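Okay, so here's the structure we're looking at.
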Amino acid sequence: MEENTKNNVAQPVIDSKIPEGPIAEKWTNYKAHQKLVNPANKRRLDIIVVGTGLAGASAAATLGEMGFKVLNFCIQDSPRRAHSIAAQGGINAAKNYQNDGDSVYRLFYDTVKGGDYRAREANVYRLAEVSNNIIDQCVAQGVPFAREYGGLLANRSFGGAQVSRTFYAKGQTGQQLLLGAYSSLNRQIKMGNVKSFNRYEMHDVVIIDGRARGIIAKNLVTGKLERFAAHAVVIATGGYGNTYFLSTNAMACNVSAAMACYRKGAYFANPAYVQIHPTCIPRHGDKQSKLTLMSESLRNDGRIWVPKNIEDAKRLQAGQIKGSDIPEEERDYYLERRYPAFGNLVPRDVASRAAKERCDKGYGVNNTGQAVFLDFSEAINRLGIDVVRQRYGNLFDMYEEITDVNPGELANTINGVNYYNPMMIYPAIHYTMGGIWVDYELQTSIKGLFAIGECNFSDHGANRLGASALMQGLADGYFVLPYTIQNYLSDQITVPRFSTDLPEFEEAEERVQANLDHLMNIKGARSVDSIHKELGNIMWDYVGMARTKQSLETALEKIKALREEFETNLFVPGTQEGMNIELDKAFRLRDFITMGELIAYDALNRQESCGGHFREEHQTEEGEAKRDDENYFYVSCWKYNDDDTKAPSLIKEPLHYEAIKVQTRNYKN
Amino acid sequence: METNINVKLKIWRQANPQAKGEFVTYELHDIPTDTSFLETLDILNEQLIEQGEEPVAFDHDCREGICGMCSLYINGHPHGPATGATTCQLYMRRFHDGETITVEPWRSAAFPVIKDLMVNRNAFDQIQQAGGYVSFNTGGAQDANAIPISKVDADEAMDSATCIGCGACVAACKNGSAMLFVSAKVSQFALLPQGKAEAKRRVKAMLSKMDELGFGNCTNTGACAAECPKNIKLSNIARLNREFICAKCAD
Amino acid sequence: MWLFKSSVGRKVVMSVTGLFLILFLTFHALMNAVAVYSLDAYEAVCEFLGANWYALLGTAVLAAGFVIHIIYAFILTLQNRSARGNDRYAVTARPKSVEWASQNMLVLGIIVLCFLVLHLFQFWAKMQLPEIMGEYPTTGEQALEAVFSQPWVCIVYLIGFCAIWFHITHGFWSAFQSIGVNNDKWINRWKCIGWWWATIVMLLFAVEVIALTGKFAWGWECVGAC
């Protein structure tokens, strides 16, 4: 890579390969001029796709349709179980079916603004551009989106937008979209273009002559390491939310595949941008294994509040009164108060911080003081319980199953006004905007290694809007990567298939094996989960919703000590023969620790507040995030330095905005 | 209100597919009733690891009732005693102090045990691969609003598509039949215009794959629908029968 | 042939033969009612259904219906047991909406089969069979008297009717489900129709058996006297 010597520091120059031309023509231009691979040659090229979520499954299926030979890996027992399935609310597209003034430009603009002006403009525009194709694609696959009585598609509103552009399938949009992608994938598996490996976990990426040429994966059932070779490797392994132990991510979500790429030289971009979702069920005891998300769609009709009087809050915390005992005029609908234009539909980062602000001031409403109310009384009184249940019935049931409280139940009548049980919610780690750095072609800094979906960093900037994750995953998998990967593969057509006996494979497998042996041989006293919980607490307390220089430095120290504890006092029962779930978890925890450190390094470096990254030193008088565009208008790319214990080095990819004027985010008016 | 209870867990332990399994009973103390059932298993596993023993292997992932990964046959019910919920959505307040809870894997010839409570449900993938899709290539779609679909049909297709493929229907069925699972997918496509073009081919392929994989014959006991965590309805099976009979008669 | 090879096909066969048998039972019950009303009229019916070609054809079809239904029941059960796997659940519980009958159709069917064998031995072997063999058959009234003069027969028959009642309450709607003539609305309708049908037909049989036992064992003059 080319070196420059600006600021007397040798830094590789980041080439994001953004095509020439005005923003609206970049993707068209790219496609018109990119190199393609002819059908006969496609058959001779193998592609590994790791992951079967929206991005992975759609990419594997589409590459298979094109005629490439695809090896597709999934950690669960079936591709259909990837965590994309849990997305509830919906998927955005600029169809403007509601005639409310939506357009590709507006979706692009909302996404860039929602991301607090830290996304790469060209990528976001492309995302908005292909968003419409995704809806067409999914409908053709038989995805049963919600419809109006006239037979056309229905829409709902989501945070950060003033139009209704979110397509949905009840509260299970992720499930339906994933099953759509899974069905296309199944077709390709049947046709023999895709070979599917279930209950396999990628443990390392194999680099030959500077290009990604294969992976080492563990068969989780037999416990054996296996080698797979291909002309290109695509990772679609999701985000790193589980670094915080408690998150809305599934239990198997992990960052090991991304960390393997990072250790092999792929840059990790913007790790500090972690999304904290405002509407999750609050934590209870220390036995909790995960946090449950209540869909953002609830904010369409639900109103968020805490008591106006601190005394009421104290009595709520002591369990002396219930939320429904507090009449309308004593309630502080703080989002509507602070952000009149967007009200309860402000972006997630804003809503989360506002909740934290109220709770920090002592207005929290449950016994831990870490919860706010989400209330449907007004909606039920306006629309009737039947309509409200039709919209959110499954979410109400889910809430009741977990908390034993039914939000649709009439709890009190004060001065003739009916009050229903409010839900209690609190922010929780949900999504990670940061990820493996990729260029416009979704290629990482390692040639032949691509990253798509939540796993990469590109489209959401510092904060993701609701219903955009599904859009990005499917855009990458169906409509972007299948094009851009050909630009890379076009000069690989003469490269014959690789043997997995090459020394590079040998060496990679040996290193993974040595790591596994080491984990088995520590023979200390602590379980994986006990250490992971400790990591989670450090992350939440010091690298969570509000960060300071001091908290981040403390976090780095504590993580260092925790790594030491992990390396010397871990206990993994059983053997490496057959399935060993503790060993698998230990393998992942090692990477979570490194990831935790990386988040803290990035958060420490970024001395501004933007989107999901909030530094207490950098806020306005009203407590809003204060960006520093002069000094931090860049993507932080972190480069691994040979060893987990060494600090990574920072490389900056400056951002260039042509189409949008960078300004302060305003959701007030 | 949250209280703590003591329970005994009688759990099926089996080292590998070939090994002979057996029940082992474990005692757990002071479990808060706000704890989910899987978190209780987590607590048990922590306890086992502390004693240097291997933890109980069980499938689980999203823990919010949508991925279909969790299984477990608890006290005679797939996904436990709660209706319309998966095991991961089951909370300890459903059990009483001192109760012995029997936990078994799905038992069906088509779902062999991998380890302890974990079974291999690959047969479901194979059925889907046989024809559970609309054959068209990415990029070839027309505008999403080009074909209006009645809300009634779309909603019904959505109800069928809600199936999470967990296998509770097979586990609940005394015949080990997978009809509810197959019918849910067939119904989804049968109800939508997009699925019509290859409806006949689909239903024949999926059904013959189902038969080939050794699932039992449906005798309409309805246990599948009664235990389904997503309330997939029996009428789907009638639709599957209808689609299949019509397809065969049209041959 | 899909009726033999596919699971749905096999169920169609069960369904069609089952519906046919339900139809037969209905006629059987109506025909018996004749005996309770007038033994002379009953005799006429018996003669009409002697060993002539249409009665023999009917008998053959009926027998085939029974045999196929029974053979398929055993085949399906064997397949279903092997699909269940080798390990059984230690604890099982029946969900509320699942009918007891639906899970015990084979047991019920075997009880019905035993009853059928007895019934054939008592009537068919004395009436149509001798006629086919060229021997002189017993008349309807003689056969009825020989059988129902023994009160235990009444008890056994009532048990048999109970088994058939259970068998049909599930079998009726299940048959429509298996041939795909069902949906969310009709499932309860079929269940309701099936329940009433089974109840009416079985009550009719029960009344007939009790009446005939009354006549031949206890001397109720009025039965069959018209």
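See the values below:
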quantity: Flagged links, alpha-carbon separation over 21 Å, of A:K308/A:K356; A:K308/A:K361; A:K218/A:K558; A:K170/A:K287; calculated: A:K218/A:K558; A:K170/A:K287
quantity: The stretch A:338-409 versus the stretch A:239-275: alpha-carbon centroid distance in Å; calculated: 29 Å
quantity: Over chain C: Rg over Rh, Cα atoms, Kirkwood Rh; calculated: 1.01
quantity: Taking only Cα atoms of the stretch A:468-560, radius of gyration then Dmax in Å; calculated: 21.9, 55
quantity: Chain A - Rg (one decimal) and Dmax (whole number), Cα, Å; calculated: 24.3, 80
quantity: In order through the stretch A:158-164: 3J(HN,Hα) via Karplus (6.51 cos²θ - 1.76 cosθ + 1.60), integer Hz, x for Gly, Pro; calculated: 9, x, x, 9, 10, 10, 9
quantity: Which of A:E401, A:E311 has the fewest Cβ neighbours within 10 Å, and the rest in rising order; calculated: A:E311, A:E401
quantity: Label-point separation, A:T568 to C:W124 (7 Å along Cα→Cβ), nm; calculated: 8.7 nm
quantity: In the stretch A:384-463, trypsin sites (Lys or Arg not before Pro) in a DSSP loop with at most 15 other beta-carbon atoms within 10 Å; calculated: none
quantity: Taking the stretch B:122-250 and dividing mean pair separation by its residue count, relative contact order in percent (alpha carbons under 8 Å, at least six apart); calculated: 34 percent
quantity: Entries of B:K248/C:K185; A:K31/A:K264; B:K8/B:K115; A:K17/A:K652; B:K196/C:K5; A:K290/A:K549 with Cα pairs more than 23 Å apart; calculated: B:K248/C:K185; A:K31/A:K264; B:K196/C:K5; A:K290/A:K549
quantity: Point-charge dipole on Cβ atoms (K/R +1, D/E -1) for chain A, about Cα centre, debye to 20; calculated: 1140 debye
quantity: Set of lysines near A:K661 by C-alpha distance (under 18 Å), chain-local residues within fewer than 8 positions excluded; calculated: A:K113, A:K626
quantity: Gap separating the Cα centres of the stretch A:588-611 and the stretch C:164-226, nearest whole Å; calculated: 74 Å
quantity: Structure-based [θ]222 nm, chain A - -39500 (n - 2.57) summed over DSSP H runs of at least 4, per residue, nearest 500; calculated: -11000 deg cm²/dmol
quantity: Overall form of the stretch B:4-114 per C-alpha gyration tensor (a/c, 1.5; a/b vs b/c); calculated: oblate
quantity: Rotationally averaged projected area of the stretch A:278-428 (alpha carbon convex hull; nm²); calculated: 8.5 nm²
quantity: Length-normalised contact order of chain B in % [C-alpha pairs under 8 Å, at least 6 apart]; calculated: 19 percent
quantity: For the stretch A:52-61, 3J(HN,Hα) per residue [Karplus equation, 6.51 cos²θ - 1.76 cosθ + 1.60, θ = phi - 60°, Hz, x = Gly/Pro]; calculated: 10, x, 4, 5, x, 5, 5, 5, 4, 5
quantity: Nearest-ten-degree value, helix A:348-360 long axis tilted from longest Cα axis of chain A; calculated: 50 degrees
quantity: A:C610 long-range amide H proximity, modeled H, under 5 Å; calculated: A:R615
quantity: Tilt relative to chain B, helix B:151-161 - C-alpha long axis, 0 to 90 degrees, to 10; calculated: 50 degrees
quantity: Taking the stretch A:68-129 and dividing mean pair separation by its residue count, relative contact order in percent (alpha carbons under 8 Å, at least six apart); calculated: 25 percent
quantity: Three-way shape call for the stretch A:484-628 based on the alpha-carbon gyration tensor, with the a/c threshold at 1.5; calculated: oblate
quantity: Sorted by Cβ density within 10 Å, fewest first, the residues A:Y149, A:Y97, A:Y168; calculated: A:Y149, A:Y97, A:Y168
quantity: All aspartates and glutamates inside 15 Å of C:K126 as judged from Cα atoms, apart from same-chain residues fewer than 8 positions distant; calculated: C:E43, C:E47, C:E135, C:E141, C:E145
quantity: Residue among B:G68, B:G21, B:G216 with the largest mean-square fluctuation in a Gaussian network model of chain B, springs linking Cα atoms under 10 Å; calculated: B:G21
quantity: Calculated P(r) tail over 58 Å for the protein assembly as shown, as whole % of Cα pairs; calculated: 20 percent
quantity: Coarse-grained scattering of the stretch B:122-250 at q = 0.18, 0.23 Å⁻¹, given as base-10 log I(q)/I(0) from a Debye sum over alpha-carbon atoms; calculated: -0.96, -1.46
quantity: Cα gyration tensor shape for the stretch C:116-179, rounded if a/c is under 1.5, else prolate or oblate; calculated: oblate
quantity: Farthest positive-ward along chain A dipole, Cα basis, beta-carbon charges - from A:I485, A:L63, A:M433; calculated: A:L63
quantity: Cα long-axis angle, helix C:184-218 against chain C (0 to 90 degrees, to the nearest 10); calculated: 30 degrees
quantity: Ascending count of other beta-carbon atoms within 10 Å, so fewest first, for A:L54, B:L28; calculated: B:L28, A:L54
quantity: Cα-Cα separations in chain B greater than 25 Å, expressed as whole percent; calculated: 48 percent
quantity: Equivalent ellipsoid dimensions for the stretch C:1-122 as semi-axes, Å, which come from the Cα gyration tensor, largest first; calculated: 35, 19, 12
quantity: Alpha-carbon centroids, the stretch A:172-198 and the stretch B:187-206: separation in whole Å; calculated: 17 Å
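Bear in mind these aren't lab numbers, they're just calculated from the coordinates by the rules spelled out. No experiment lies behind these values; they were computed from the predicted model shown. Here Cβ is always computed from backbone atoms with ideal geometry, including for glycine, and neighbour counts include all displayed protein chains.
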